[in-house]
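In what follows, a structure is listed as structure tokens, so that the remarks can point back to it.
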Amino acid sequence: MATFQRHRLTPWILLAPQLAIVAVFFFWPAAQAVLQAFYVEDPFGLGRTFVAFENFTRVLASAEYYRALGITVAFSIGVALGAMALALLLAVLADRVIKGAHAYKTLLIWPYAVAPAVAGVLWMFMLAPELGLVSAWLGALGIDWNHQLNGGQAMALVVMASVWKQMSYNFVFFLAGLQAIPRSLLEAAAIDGAGPWRRFWTITFPLLSPTSFFLLVMNSVYAFFETFGTIDATTAGGPGGATRTLVYKVFEDGFVGYDLGSSAAQSVLLMLLVGLLTLLQFRYLERKVQY
Amino acid sequence: MATLSLDALRKTYPNGFTALHGIDLAIDDGELIVVVGPSGCGKSTLLRMLAGLESISDGELAIDGRRVNDLEPAERDIAMVFQNYALYPHMSVADNMGYALKNRGVPKAERRRKVEETARLIGLEDLLDRRPRQLSGGQRQRVAMGRAIVREPKVFLFDEPLSNLDAKLRVQMRIEIRRLQKRLGVTAVYVTHDQVEAMTLADRLVVMNGGHIEQVGTPMHLYERPASRFVAGFIGSPAMNFLDARRADGDLALPCGTRIATSHEVHNDAVCLGIRPEHLSRVSEADDTTLTTRVELVEPLGADTLAHVRLDGQEEPLVARLDGVQPVAEGDTLYLRPDASRLHLFDLDTGRRLDDKDIHSCPSSPSSRLA
Ligand SMILES: Nc1ncnc2c1ncn2[C@@H]1O[C@H](COP(=O)(O)OP(=O)(O)O)[C@@H](O)[C@H]1O
Ligand SMILES: [Mg+2]
């Protein structure tokens with residue numbers, strides 16, 4: 001014991017660099033943001049006034065904020081469901097592939113290594129109204145694609161780009177989950193008279209539910225926070241705010257509108273919202289996915 | 001209630017490995033067939049082909065006279081108990097048992113009645129609401145059995161269903177499986193690598209080796225007249241002793257000088273002589289019909305004593321099963337006399353039984369049943 005006592009400091013010394021980084025790049029700015037939310041700064045950033053909850057009440061009273069909330073909810077549901085459903089489909093197919101499985105899986109994992117902005121730009125080019133390949137095909141089908149003018153199409157574009165990027169992540173987890181299901185369970189179900197479709201819905205899908213739950217939490221967080229780059233590179237929140245999600249609005253109000261107090265208040269609200277969402281998911285969903 | 005007929009069944013896996021080289025077998029209605037053989041001989045492959053989980057590369061499989069080669073597992077009306085039980089972990093015991101009925105569209109009330117009835121039959125009625133992970137190994141095994149029984153299938157298939165249980169439970173469940181199978185009268189194919197389990201369960205035994213059937217017959221027939229050296233060594237515990245012997249004036253002569261009179265008509269000059277441990281008896285005086293051996297190890301089992309002994313010039317030690325408690329110790333000299341009427345002679349090269357060339361036409365072999 002004595003030797004351990006003497007080295008009580010060592011662990012802290014070893015942890016110090018890591019802790020310093022977390023403190024400087026995470027806790028300090030986060031604390032600043034929370035603090036900022038209670039002040040109003042003058043336009044030149046020379047002085048600030050304490051206003052208590054005024055920033056929050058102003059945000060919560062603005063119709064713009066609720067519009068962004070609604071857009072975020074629609075966007076998140078689209079991204080989470082789209083990315084999970086597609087990933088599950090691909091994972092089920094990949095699970096059956098025997099020849100060339102490795103190449104197939106590697107290709108499916110690639111998009112994850114692509115930066116969000118690059119993913120966005122990729123889709124933007126494919127769908128560019130005048131030049132894009134896909135928009136040309138759509139035009140041939142009689143669909144007039146112009147996400148720079150059409151809000152719904154702009155939303156579809158950012159959802160597609162975000163889904164495409166997140167799918168790889170989900171795919172890896174779903175594939176691992178599928179491969180962890182003992183073959184004999186599906187064989188027993190086949191003998192018990194369940195066809196492939198029924199086997200999937202009554203055996204595979206329920207057994208994947210812990211994976212699905214984990215991914216639902218991760219995908220919600222992703223859709224709320226990490227799609228900023230994708231949106232910024234493609235639609236920049238437009239047209240007319242049709243793709244302005246909460247996180248994009250934080251950026252716009254803060255760094256374009258220079259309303260730092262409001263922006264800080266919004267980021268605090270966003271943090272609370274995601275915290276609440278995760279808590280709800282854990283409370284009500286997790287219990288159902290245990291077996 | 002079904003007969004099964006296997007006609008030259010072959011299995012070649014996609015990697016080119018041939019696991020079964022033509023299996024012929026006819027299984028009667030209500031019969032309990034045990035397929036036994038060393039690990040890797042193709043038992044599971046055979047069972048999975050019966051179930052429809054593996055495709056049949058060649059040959060014909062018929063249930064009740066109807067060819068089923070190309071039917072899906074669900075369409076064959078068979079139930080299977082897996083070695084790891086394969087219970088659905090997210091369903092209660094009742095749902096596990098009722099799953100097949102539900103798939104078949106049996107109404108809820110009837111399903112419930114059948115599940116409860118089966119649960120009573122095998123002593124699961126208090127566990128119906130539990131999840132598999134809340135059960136002991138023995139209880140899981142029972143649920144797996146119950147899941148098979150409740151469906152009232154034509155055929156039961158068992159793939160080493162008891163190998164994950166402890167020794168005592170294994171013996172209990174063995175008896176219970178036998179009792180249930182007879183009571184329900186369902187045709188069953190049971191796979192195991194454990195020859196004691198095989199002997200006690202089987203109406204007829206199928207001994208497999210390297211993707212072939214070595215012999216088919218009742219346990220006693222296989223014990224008394226093993227068709228090959230492989231079967232002789234596999235059936236019976238402790239295993240049969242094998243000695244090299246030569247023919248000398250109608251008798252058999254062992255390298256150590258012992259001569260054994262035999263009624264077998266032997267044409268080979270050299271043969272493999274098989275003697276079961278229980279057919280060696282202890283005598284007090286040496287003569288030219290006894291084996292003079294040195295004791296290497298004694299296993300007193302109470303009812304009898306196993307003596308592991310060494311014979312001069314013999315590489316493998318012999319085992320003798322002696323009656324009761326015997327006053328022998330390591331290093332003692334022991335005189336053993338083989339029972340001349342219960343010897344087994346095998347061809348040195350082919351390993352086939354020598355006095356029984358027409359083994360395939362004996363009453364319990366499959367060819368006569370097919371005829
Ligand atoms: N899917 C497969 N592909 C190739 N070879 C296989 C496959 N499954 C089993 N085998 C081989 O077939 C032989 C028989 O296997 P199996 O039927 O499982 O044996 P047992 O159940 O008697 O132990 C073994 O040599 C095994 O390696
Ligand atoms: Mg096996």
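The values are calculated or read from the model by the stated rules, or taken from the named source; none is laboratory data. Quick caveat: nothing in here was measured; it's all calculated off a predicted structure. All Cβ positions, even for glycine, are placed from backbone atoms using ideal geometry, and neighbour counts span all protein chains on display. Accessible surface areas use protein heavy atoms only, side chains included; no ligands, DNA or RNA. Shrake-Rupley method; radii C 1.70, N 1.55, O 1.52, S 1.80 Å.
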Chain B: angle of helix B:167-184 to the longest principal axis, Cα-based, in degrees nearest 10: 60 degrees
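What is the gain in length, in nm to one decimal, between A:Tyr112 and A:Ala140 on full extension, counting 0.36 nm per residue of separation less the C-alpha to C-alpha distance?
Values: separation 28, 0.36 × 28 = 10.08 nm, distance 3.13 nm.
Extra length from A:Tyr112 to A:Ala140 when fully extended: 7.0 nm.
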Residue-level accessible surface for B:Glu296, protein heavy atoms, 1.4 Å, Å²: 70 Å²
Aspartates and glutamates whose Cα lies under 18 Å from that of B:Lys168, excluding same-chain neighbours fewer than 8 positions away: B:Glu160, B:Glu176, B:Asp194, B:Glu197
Environment charge of A:Gly240, counting only residues whose C-beta is closer than 15 Å and scoring Lys/Arg +1, Asp/Glu -1: +1
For q = 0.17 Å⁻¹, Debye-computed log10 I/I(0) when each Cα of the stretch B:230-355 counts as one equal scatterer: -0.85
Most mobile listed residue (A:Ile181, A:Ile21, A:Ile143) in chain A, GNM with C-alpha springs under 10 Å: A:Ile21
Evaluated at q = 0.05, 0.07, 0.12 Å⁻¹: base-10 log I(q)/I(0), Debye formula over Cα of the protein assembly as shown: -0.45, -0.72, -1.23
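Going through the stretch B:191-265, which trypsin sites (Lys or Arg not before Pro) have at most 16 other Cβ atoms within 10 Å and a DSSP loop state? Please list the in-between numbers first.
Working: sites: B:Arg204, B:Arg229, B:Arg246, B:Arg247, B:Arg259; in loops: none.
Answer in residue order: no site qualifies.
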Cα gyration tensor, the stretch A:9-132 - rounded (a/c under 1.5), prolate or oblate: oblate
All lysines inside 27 Å of B:Lys114 as judged from Cα atoms, apart from same-chain residues fewer than 8 positions distant: B:Lys102, B:Lys154, B:Lys182
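What is the stretch B:123-200 by shape, rounded, prolate or oblate, if you read a ≥ b ≥ c off the alpha carbon gyration tensor as root eigenvalues and call it rounded for a/c under 1.5, prolate for a/b larger than b/c, and oblate otherwise? Write down the numbers at each step before the final one.
On the way: a/c = 1.93, a/b = 1.19, b/c = 1.61.
Judged from the Cα gyration tensor, the stretch B:123-200 comes out oblate (a/c at least 1.5, b/c at or above a/b).
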Sparse-neighbourhood loop sites, chymotrypsin sites (Phe, Trp or Tyr not before Pro) in the stretch A:36-74 - DSSP loop, at most 13 other Cβ within 10 angstrom: A:Phe44, A:Phe53
Degrees separating the helix B:137-149 axis from the principal Cα axis of chain B, which is the longest one: 70 degrees
Whole-number D in µm²/s for the stretch B:4-229 (Stokes-Einstein; Kirkwood sum over Cα pairs; 4 °C, 1.567 mPa s): 72 µm²/s
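Please give the calculated 222 nm ellipticity per residue for chain B, where each DSSP H segment of at least 4 residues contributes -39500 (n - 2.57) and the sum is spread over every residue; nearest 500 deg cm²/dmol? List each step's numbers first, then the result.
Numbers: 9 runs with 89 residues, N = 371.
Calculated from helices alone, the mean residue ellipticity at 222 nm is -7000 deg cm²/dmol.
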For B:Glu125, solvent-accessible area (1.4 Å; no DNA, RNA or ligand), Å²: 90 Å²
Accessible area in the full protein assembly, largest first, 1.4 Å probe, for A:Leu60, A:Leu131, B:Leu4: A:Leu131, A:Leu60, B:Leu4
Cα gyration tensor category, rounded, prolate or oblate, for the stretch A:63-288 with a/c compared to 1.5: oblate
